[in-house]
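Data first, discussion second: the structure below is written as structure tokens.
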């Protein structure tokens, strides 16, 4: 993984600097950079390596409905009464989904990305306001509920809201977005800071696939190695509760898990959608992963073709988890 290759024209080594720069034909613009025909954010201090183009937006929409179907909900925190309330003291919330953020008074702060979660939540709960923050300006600006707005923002530079402003913080699928140090030293502290006493924090994350065939396991091993070189812990979902508990501001930290199958033959419709989610995710990280592995684009495609065949044979799956807790101390 990342070692020298005998084939001419291949990269002989892959450094940490390469992981934060463009690869091959990557061109840099003011807002975005392009790698192997895919569009990425252009914030070099950010480690997130998935694209933010239309193809990725489609995948995120698919993933949103997959997660909702498996969990039978968009959240697990006991806040439904406040969300449905018509009173003036309706819930103040902050929500974060996927890579970017959303916020507001009687509002929700979510990592917007494609905006699926915030668009659906703002439509379902019109008595609350939602504001979305994203590291790149890719969010909807016209076709959206009136109680939803978006802003460009980067949580690593701080959330531009007062202490205790929100009653709900929801953050989802940020594992590739932050190093473990950033989680501990910045991210958790910032979202806890803006959460009001009595409010709920909810973190939803995923683990890399399990029960993998030999070809797909080789791809995932390289993915894990690449993430760790960037300081990212691919198993961060297992220890988020410890980070929350370490703040000494929460009680009764709850944890729950759901398995998402990957493969139509052994798992039916949900498995088919799970397969599509994993396949498109692996295609999304292809521009950075195949050079890291020291293989060609064509070799990567062939490995993915074989991996898809392995999903049903090995009954591949991945785990999603939710941590949620009530803030009781400032």
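Close contacts from the range 200-219, counting a first residue that is on the phi < 0 side of the Ramachandran plot and surrounded by fewer than 22 Cβ atoms within 10 Å (Cβ to Cβ) and a second that is at pLDDT below 95 and assigned to a strand (DSSP E or B), with Cβ to Cβ under 6 Å and a gap of 6+ residues or different chains, come to 202/170. Cβ separations smaller than 8 Å between residues 6+ apart or across chains give the following pairs from the range 297-321 residues that are at positive phi to residues that are surrounded by 18 or more Cβ atoms within 10 Å (Cβ to Cβ) and part of a helix (DSSP H, G or I): 315/267. Pairs meeting the criteria (first residue in the range 48-72 and more than 15 Å from residue 275 (Cβ to Cβ), second residue assigned to a helix (DSSP H, G or I) and modelled with pLDDT under 80, beta carbons under 6 Å, at least 6 apart or on different chains) are 61/116; 64/116. Scanning the range 177-199 for residues that are out of contact with any helix residue (DSSP H, G or I) (no Cβ under 7 Å at 6 or more places or on another chain) and touching a residue at least 12 places away in the same chain (Cβ under 8 Å) yields a total of 13.
Exactly one residue out of 292, 250 is closer than 30 Å to residue 184 by Cβ, surrounded by 15 or more Cβ atoms within 10 Å (Cβ to Cβ) and touching a strand residue (DSSP E or B) at 6+ places or on another chain (Cβ under 6 Å): that is 250.
Identify, from the list 173, 178, the residue that is under 17 Å from the mean Cα position of the chain (by Cα) and on the phi > 0 side of the Ramachandran plot. Just one listed residue meets the conditions, 173. Any idea which residue in the range 133-148 is modelled with the highest pLDDT, counting only those that are under 20 Å from the mean Cα position of the chain (by Cα) and surrounded by fewer than 23 Cβ atoms within 10 Å (Cβ to Cβ)? Restricting to residues being under 20 Å from the mean Cα position of the chain (by Cα) and surrounded by fewer than 23 Cβ atoms within 10 Å (Cβ to Cβ), the top hit is 136. Would you say residue 256 is in a helix (DSSP H, G or I), touching a strand residue (DSSP E or B) at 6+ places or on another chain (Cβ under 8 Å) and surrounded by fewer than 18 Cβ atoms within 10 Å (Cβ to Cβ)? No: the conditions fail for residue 256.
Picking from 265, 280, which residue would you name as being in contact (Cβ under 8 Å) with a residue 40 or more places away in the chain, under 15 Å from residue 318 (Cβ atoms), assigned to a helix (DSSP H, G or I) and out of contact with any strand residue (DSSP E or B) (no Cβ under 9 Å at 6 or more places or on another chain)?
280
The values are calculated or read from the model by the stated rules, or taken from the named source; none is laboratory data. If you're wondering where the values come from, they're calculated on a predicted model, not measured in any experiment. Quick reminder, even Gly has a Cβ in these numbers, built from the backbone with ideal geometry, and neighbours come from all protein chains shown.
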